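Engineer: Let me give you the structure first, and then I'll get to my questions.
The numbers here are math on the coordinates, done by the rules we state, and not lab data. Since the model is a prediction, treat every value here as computed from it, not as a measurement. Methodologically, a virtual Cβ is constructed for each residue, glycine included, from the backbone with ideal geometry; neighbour enumeration extends over all protein chains shown.
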Amino acid sequence: MNQRTRLPGPCLAACALLLVAIPASAEEPYADEIPTPPSDVPDELSGHLLLAPHLQWLLPAGSAEDGLSQRSYVGSGPGFGFDLSFGVSEYVAIQARFDRASLPDGSQCPSSGRCSAQSTAAGLGVEYHLVNGAAFDPWLAAGMAWRWTSFDLSWPGYQPGKLDYSGMDWLHLAVGGEWYPHRLLGFGPFLAFDLGSYSNRPGSAIPRPTAVPDSSAIHSFFTIGIRGVFAPMR
């Protein structure tokens, strides 16, 4: 008659302890290879100065005054500018900016005439940087500026010379981002939009070269450009 072999209780307990100990001991040589959490990313903005010259293309829209569309005289043209920003927190910087653009003859300038303009803006704003310490730094900006626009108009029967306008751009919005091939140097594209009105205008009425009705006195500018960034304090 066959009898089943029974293992004593102490033997079973020893086998169970051995099965538990073997995996634990097998993992011990690799304990040092477990990655540790990365340290905090260094603050690359707070207390740092950013110098950002840029090149841009400016498109005027809206009107210089009631009934006078800016596009009646001038078209889009090239410009340049400079942003100076100082970080006040890990993601926020205070910005001072300067922009200047040359606007050539527009498509509705009278034949045999000359219609051009120079537009300059200087203002203050706030930048918000979406990331910190990364190779790509996207940002948003908002602010205000004072704008000077000088039209140089001349056509047969009308030669007023320069007509100077100035007033507040009470809304400036911009979005962009820079790649940093080096910790101190970056570059990238940006888009901007400005909206405002000229509170100071020429005293005499301006003859309209064409009938372009515009019932408002609000001007705007669209900008596309590229800027470089130098961060000397990093």
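Engineer: Amide H of His48: which non-local residues (sequence gap of 5 or more, or other chain) have their own amide H closer than 5 Å, using H built in the peptide plane?
Structural biologist: Residues meeting the criterion, in which the H sits 1.01 Å from N, are Gly87.
Engineer: Still on this structure: How high is the FRET efficiency between Leu130 and Tyr158 when r is their beta carbon distance and R₀ equals 45 Å, given to the nearest 0.05?
Structural biologist: It comes to 0.35.
Engineer: Tell me, Arg183, Arg234 in order of fewest to most beta-carbon neighbours within 10 Å?
Structural biologist: Taking fewest neighbouring Cβ atoms as first place, the list is Arg183, Arg234.
Engineer: Using the basic label-point model (7 angstrom from Cα toward the beta carbon), what is the Ile218 to Leu59 distance in nanometres?
Structural biologist: 1.8 nm
Engineer: Oh, and also: Say R0 is 22 Å: what FRET efficiency, to the nearest 0.05, do Asp43 and Trp179 get from their beta-carbon distance?
Structural biologist: Numbers: r = 20 Å, r/R0 = 0.90.
Between Asp43 and Trp179 the formula returns 0.65.
Engineer: If you don't mind, another one. Which distance in nm do the two modelled labels at Asp66 and Phe98 give, with both placed 7 Å along the Cα-to-Cβ direction?
Structural biologist: Here the modelled spin labels are 3.7 nm apart.
Engineer: Would you mind checking region 122-139 for residues with the amide N under 15 Å from a putative spin-label position 7 Å along Cα→C-beta of Ser89?
Structural biologist: Under cut-off, by backbone N: 126-132.
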